[in-house]
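What follows is a set of notes on a single structure, which appears directly below.
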Amino acid sequence: MAVTRTLSIIKPDATRRNLTGRVTQMLEEAGLRVVASKRIRLTRAQAEAFYAVHRERPFFASLVAFMTSGPVVVQVLEGEDAVALNRRVMGATDPAQAEPGTIRRELAESIEANTVHGSDSDENAAREIAFFFSEIEIVG
Ligand code: CMP
């Protein structure tokens, strides 16, 4: 299996509860390496652009409001098959459906305030990483 990259976002529900370190520790203990990281406050335009694929969904306006409600920490994670590994560590979108021990099961507040985002394919990972980072900001 190849070493690849994925994009992670520690969401406003987690930064508000001071869980940045706890989430990062769970990612690292699972074998993912943080090769880029920054704490930012998304603008409405940035959140709408990042989640554009969901713009027709009934939860879109609420999602954008939530993602702009506080700081987020965007991270590039590197590891063996990083997209799939990160998705296993995160657990299902709905914390009630997530496996015990996963980040969302242990820490998420709701299906919307679900603590972390992770890319869902290598193609989207490349697009999402480029949305937030330039190559010189990523140091493996
Ligand atoms: P994420 O993995 O970042 O991708 C889209 C986000 O939309 C998702 O996590 C949740 O934060 C949110 N989301 C997905 N489904 C729902 C839903 N049914 N109701 C509210 N928010 C949702």
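The values are calculated or read from the model by the stated rules, or taken from the named source; none is laboratory data. Bear in mind the structure is a predicted one, so any value in this text is a computation, not a measurement. Virtual Cβ from ideal backbone geometry, glycine too; neighbours counted across all protein chains shown. Note: accessible area is taken over every heavy atom of the protein model, side chains too, but ligands, DNA and RNA are not part of it. Shrake-Rupley method; radii C 1.70, N 1.55, O 1.52, S 1.80 Å.
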Kindly state, to the nearest 0.05, the FRET efficiency for Ile136 paired with Arg55, given R0 = 30 Å and r defined as their beta-carbon distance. 0.45
Cα-only Rg/Rh for the stretch 1-78 with Kirkwood Rh rounds to 1.01
Kirkwood hydrodynamic radius, computed over distinct alpha-carbon pairs, for the chain: how many Å, to one decimal? 14.9 Å
Would you calculate a helix-derived [θ] at 222 nm for the chain, using -39,500 (n - 2.57) for each DSSP H run of n ≥ 4 and dividing by the full residue count, to the nearest 500? -10500 deg cm²/dmol
Once the convex hull of the alpha carbons of the stretch 93-140 is built, what does its volume come to per residue, in cubic angstrom? 112 Å³
Distance between modelled label sites at Ala92 and Asp120, nm, 7 Å Cα→Cβ extension: 1.5 nm
Solvent-accessible area per residue, Å², over the stretch 32-140 with all protein chains present [probe radius 1.4 Å]: 53 Å²
Kindly provide the pair-distance distribution of the stretch 63-111 built from C-alpha pairs, with 10 Å bins from 0 and whole-percent values in order of increasing distance. 25, 42, 32, 1
